[in-house]
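Working notes for the structure below.
The values are calculated or read from the model by the stated rules, or taken from the named source; none is laboratory data. Keep in mind it's a predicted model, so treat the numbers as computed, not measured. Reconstructed Cβ throughout: ideal geometry from the backbone, glycine too, with neighbour counts over all protein chains shown. Heads up: the accessible areas ignore ligands, DNA and RNA and are worked out on the full protein's heavy atoms, side chains in. Shrake-Rupley method; radii C 1.70, N 1.55, O 1.52, S 1.80 Å.
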Amino acid sequence: VAHCKGFFFCGQEPFVADEYIERLAWRTPGGGSRGGEAFDPKRLLEEFVNHIQELQVMDERIQRKVEKLEQQCQKEAKEFAKKVQELQKSNQVAFQHFQELDEHISYVATKVCHLGDQLEGVNTPRQRAVEAQKLMKYFNEFLDGELKSDVFTNSEKIKEAADIIQKLHLIAQELPFDSLMGFCCYLLSSPGKYHDLECQLIQEFTSAQRRGEISRMREVAAVLLHFKGYSHCVDVYIKQCQEGAFLRNDVFEDAAILCQRVNKQVGEIFSNPETVLAKLIQNIFEVKLQSYVKDQLEEHRKSDAEQYLKNLYDLYTRTTNLSSKLMEFNLGTDKQTFLSKLIKAIFISYLENYIEVEIGYLKSRSAMILQRYYDSKNHQKRSIGTGGIQDLKERLRQRTNLPLGPSIDTHGETFLSQDVVVNLLQETKQAFERCHRLSDPSDLPKNAFRIFSMLVEFLCTEHIDYALETGLAGIPSSDSKNANLYFLDVVHQANTIFHLFDKQFNDHLMPLISSSPKLSECLQKKKDIIEQMEVKLDMGIDTLNCMIGQMKHILAAEQKKTDFKPEDENNVLIQYTNACVKVCGYVRKQVEKIRNSMDGKNVDTVLMELGVRFHRLIYEHLQQYSYSCMGGMLAICDVAEYRKCAKDFKIALVLQLFDTLHALCNLLVVAPDNLKQVCSGEQLANLDKNILHSFVQLRVDYRSARLARHFS
């Protein structure tokens, strides 16, 4: 079994000794594997021994076969090695023969090349002699005046005739004029046949172009390449290309289509297509486009600045767009410079003074927009103060010049118009776009700044600033009755307009000046405008005096002395007084109006000022009355309502003031025995004793000995 371990049978599973023994024991009677049979170890041993002997015999037989095969393999290997050695020897012999053959071929090739050189040395002079003989023959025909050769009489051989004439012409150019040969060649070639043939070739090229025969055009152009009239051939081609090409109204689109068509064709005809195409483009720019631009611009140059600027912008834009399309073609090495020069040649006379026309138009247009608006309002503009920011700040500090001059009635008109602003911004936006396109890069920041200055003059100064000045002049005095506070409407609209102004500054001006020194100048100008407007808005704080005046009028008209000292203490049915209701309603409207009119920190600043003044008014108003017990309760209810109104301010200081005032009103109703305890409370402990005393004195029972004793 050991000898058979690992043995493979062809086409079967690998040999496994354990399984083999199991199968052998199972097949042997008495092996113990079959059910019901007694185990017979002797019989099983005998079977194993017999089988081992069989396997040994098989192993010996296989071993002999393996030895025989090994001997046969060794024999064949020796025979193969011997055969390989013989092949190597044959290969060496063949390689030697190949080297000998290569040397022989090289020797023969050298002899052939030498022979070829000798033949060429003999043949070249012979060919030259033949060509010279032919030229002399043709020369004799010219001298006799009779052209008999087929090359001159057959129109189909115009190419060969052109070659002959060209050679005679070159000879005439090289020979001295005073020699007989040179003089004769000059007479023959220059004024005569040379030019006749040249014209004939150009005519043939023209006819072929009209017929659309590209191959014939290419052939004739190749012949004319060596003639003086080659440039004339190119001119004829360019002229005929443009015939019927500009029939539509859009000359720029026609030019683009023409150049695209010629670009595909010119390479099949001429040996220098980029030069021909560049010459075509130059002709289009200098003739067609320049004439078209002149017709479009000169018509409006002096009569209609608006249309002139629109046309100039449109034509320049379309020309540059056409140039961008032409950049796709091969026009030589520096096509960018080439096209830029063509554009500059067309527009230079218009671009030199562009900005002056732009500024003049913008100034007149802006003035007309403003004047048309004021005329629609039947308003005659009055002169306004022209002082600088420092003058405005001084007027704000002194508060002696407000209102500015005699108060005027604006009849509720703010003198600010969204339509006017949109029109001014739209005109300026278009001016910025034209400036970006039409200005030289070196002049762009300077020109943009000039346009910005126009916008500042007419939008900020002539419109917004004028409206603020008029609004300030229209602020009524604090003792006016039923005063309408239109200045807040002016502030609201001015704030909205300035946001639009700021957006245009960032969107359209900044890209034009962002990388130039003009940036800081524009930012400073914008800062000055903002500061000047904020100073005037601060001056308009006197509007708050009018609000307080209105509140005083409401309180004076609605508040009665019997409100806080009712005749029947037990029959008070109201929660708070009518004066309180009307004042709170008025204040809430003004707070909402202020929030709608301003933004940012300005809202908090104005509301704080109004809240402080509102508190002072109520404080002083309450001290004008005497309070019974029920009247004191009603005063507390009023102050509680005022405090609710103060919450709308959303200013901590204002709310704190009204909280303290509410605590002070408690002194009007508290029992005499609790006065000291209330006065030492958290909200009143830090107040001056005189303030506390002034409120206690408002009680109707103040003069009673018991109350005076407790408070002292």
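Using the Cβ-Cβ distance between residue 340 and residue 363 with R0 set to 41 Å, the FRET efficiency works out to roughly 0.85.
In loop segments of the range 528-635 as defined by DSSP, the GluC sites (Glu not before Pro) with at most 14 further C-beta atoms inside 10 Å of their C-beta are 567, 569. Backbone geometry of the range 513-519 corresponds, through the Karplus equation with coefficients 6.51, -1.76 and 1.60 at θ = phi - 60°, to 3J(HN,Hα) couplings of 10, 4, 10, 10, x, 5, 4 Hz, x marking Gly and Pro.
At a 1.4 Å probe radius, carbon and sulfur cover how many percent of the accessible area of the range 559-710? Carbon and sulfur together cover 50 percent of it. Under 5 Å between amide hydrogens, built in the peptide plane, is the criterion, and for residue 627 it picks out 699, 700 among residues at least 5 positions away or on other chains. If the chain linking residue 644 and residue 61 were pulled fully straight, counting 0.36 nm for each residue of separation and taking away their Cα-Cα distance, it would gain 197.6 nm. Considering only alpha-carbon pairs that sit under 8 angstrom and 6 or more positions apart, the relative contact order computed for the range 616-698 is 35 percent.
Only Cα pairs under 8 Å and 6+ residues apart enter the sum, and on that basis the relative contact order of the range 211-283 stands at 37 percent.
What are the equivalent ellipsoid semi-axes of the range 273-353, built from the alpha-carbon gyration tensor (square roots of five times its eigenvalues), in whole angstrom, biggest first?
Values: eigenvalues 142, 26, 19 Å².
Largest first, the range 273-353 gives 27, 11, 10 Å.
Using θ = phi - 60° in the Karplus curve 6.51 cos²θ - 1.76 cosθ + 1.60, the 3J(HN,Hα) couplings for the range 671-680 round to 5, x, 5, 9, 4, 4, 5, 5, 5, 8 Hz; x is entered for Gly and Pro.
Applying a threshold of 32 Å to the alpha-carbon distances of 525/644; 526/582; 536/647; 83/111; 644/689; 565/689 flags 525/644; 526/582; 83/111 as lying beyond it.
Could you pull out the GluC sites (Glu not before Pro) across the range 336-387 that fall in loop regions by DSSP (anything but H, G, I, E, B) with no more than 10 other Cβ atoms inside 10 Å? Before the final figure, lay out the partial values.
Numbers: sites: 352, 356, 358; in loops: 352.
When the GluC sites (Glu not before Pro) of the range 336-387 are filtered for loop state and at most 10 Cβ neighbours within 10 Å, 352 remain.
Answer with one residue from 315, 369, 331: the one whose Cα lies farthest towards the positive end of the charge dipole of the range 292-373, charges on Cβ with Lys, Arg +1 and Asp, Glu -1. It is 369, whose Cα lies furthest towards the positive end.
Classified by the C-alpha gyration tensor, the range 559-710 has an oblate form. Its axis ratio a/c, with a ≥ b ≥ c, is 1.5 or above, and a/b does not exceed b/c. Once C-alpha pairs closer than 8 Å and six or more residues apart are averaged by separation and normalised to the residue number of the range 559-710, the relative contact order reads 27 percent. Each label point was placed 7 Å from the Cα along the Cα-to-Cβ direction; for residue 333 and residue 81 their separation is 7.4 nm. Inter-label distance, residue 110 to residue 702: 14.4 nm, where each label sits 7 Å from its Cα along the C-beta direction. With 29 Å as the limit, the listed pairs 288/335; 381/589; 552/676 have 381/589; 552/676 beyond it between alpha carbons. Note that the range 559-710 presents 54 Å² accessible area per residue, ligands and nucleic acids not counted, probe 1.4 Å.
The residue 257 and residue 422 beta-carbon pair, evaluated with R₀ = 35 Å, returns a calculated FRET efficiency of approximately 0.30. Among 337, 428, 562, the sequence by solvent-accessible area, most first, with a 1.4 Å probe is 562, 337, 428. Rounded to the nearest whole Hz, the Karplus-based 3J(HN,Hα) values (6.51 cos²θ - 1.76 cosθ + 1.60, θ = phi - 60°) of the range 270-279 follow the sequence 10, 7, 10, x, 5, 5, 5, 5, 4, 5, with x at glycine and proline. Since only 611, 652, 687 are under comparison, the one whose Cα sits farthest along the positive direction of the charge dipole of the range 559-710, derived from C-beta charges on Lys, Arg, Asp and Glu, is 611. Extension gain for residue 325 to residue 557 (0.36 nm times residue separation, less C-alpha to C-alpha distance): 75.5 nm.
Loop-located trypsin sites (Lys or Arg not before Pro) in the range 236-284 (DSSP state other than H, G, I, E, B) with a sparse environment of at most 11 neighbouring Cβ atoms within 10 Å: 248.
Ligands, DNA and RNA excluded, the heavy atoms of residue 414 present near 10 Å² of accessible surface to a 1.4 Å solvent probe. Modelled this way, with points 7 Å down the Cα-to-C-beta line, the labels at residue 48 and residue 23 are 1.9 nm from one another.
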